[in-house]
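Reviewing the structure listed below.
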Amino acid sequence: MNPPVYHFECVWMTTNVTGTPHAAALQAANPELRVHTCYSPQGETPEDSRHRWRNCDRNIRGWWDENRAEVATDQVLFLEWDVFANVNLPDHLPSLGGNYGIAGPRILSPISDRAFWPFQEDLPKLPREMEALACATAPLAVLLISRAALDAIQAPCYDAIFADDIFCETRLPTVIRHAGFRVVEMRLPDVGCKPMIPGPARGIYHPVKQPVYLSS
């Protein structure tokens, strides 16, 4: 059997406090996957921690600005530190063609998903030219982003919106859509917001806060 062909490289998004507790499971199931780690500062106060959490898409933008030369693939998989995955990822994450920019677990619209729309107060903060393009990726835990989209959001015209305090799940996909790319939904039924403990079935899970011990 030929080894899996990875159409992406992976980046763990974490801090020195949270670390990468599920890295061993990911690597065991994907031994040839190239993996990077983005360490961001931990909040010093509860208010600072909440601000950093709300704006964690800045870490994705900043990491790409500094490390894009180290990535060989046309797509990058960003995983939050509390994602647990013990499956061969190419079997579960599509290689999306066309003018796609970002794929996430669930794509929300402020119109059709009004009852589930996170952080309504952030919508008025979007620039007027982005209002009709507003969308959200919920949660931001598992994201497949194209190299072209990551390059596009580095443009200076987006500096102001990334400097503002806008919830990450709304800002990042909206900016990518404004840059001319498609926003696509992936089927990840076990990626949500309520803490869980993975069962016997293999898969991609979030959030998994407790250690998971691998059987030999």
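The values are calculated or read from the model by the stated rules, or taken from the named source; none is laboratory data. Please read these numbers as outputs of a predicted model, since none were measured by experiment. Heads up, the Cβs are rebuilt from the backbone with ideal geometry, glycines too, and the neighbour counts pull from every protein chain shown.
State all residues of region 204-216 that are of a type outside the set (S, T, Y) and either assigned to a helix (DSSP H, G or I) or modelled with pLDDT under 95 (or both); if no residue qualifies, say none.
Passing the criteria: K209, Q210, P211, V212, L214.
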*Those residues of region 63-99 which are farther than 21 Å from M196 by Cβ, β-branched (V, I, T) and surrounded by fewer than 21 Cβ atoms within 10 Å (Cβ to Cβ), in sequence order*: V71, T73
*Might you check whether a residue that is surrounded by 14 or more Cβ atoms within 10 Å (Cβ to Cβ), more than 16 Å from A141 (Cα to Cα) and out of contact with any helix residue (DSSP H, G or I) (no Cβ under 7 Å at 6 or more places or on another chain) occurs anywhere in region 16-25?*
yes
*Return a yes/no flag: does region 103-120 have any residue that is touching a Gly at 6+ places or on another chain (Cβ under 6 Å), part of a helix (DSSP H, G or I) and charged (D, E, K, R).*
no
*asked:* Just the residues that are β-branched (V, I, T) and either under 24 Å from F84 (Cβ atoms) or surrounded by fewer than 20 Cβ atoms within 10 Å (Cβ to Cβ) (or both), please, taken from region 163-214.
replied: V184, V191, I197, I204, V208, V212
*asked:* Yes or no: region 51-59 includes at least one residue that is closer than 19 Å to T174 by Cα and not in a helix (DSSP H, G or I).
replied: yes
*Residue check, I102 against (1) farther than 21 Å from V208 by Cα; (2) within 18 Å of the chain's Cα centre (by Cα); (3) surrounded by fewer than 18 Cβ atoms within 10 Å (Cβ to Cβ), all met but one. Which one?*
(3)
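So which residues in region 136-193 are charged (D, E, K, R), in a loop (DSSP other than H, G, I, E, B) and more than 21 Å from V11 (Cβ to Cβ)?
Residues satisfying the conditions are D164, D165, R187.
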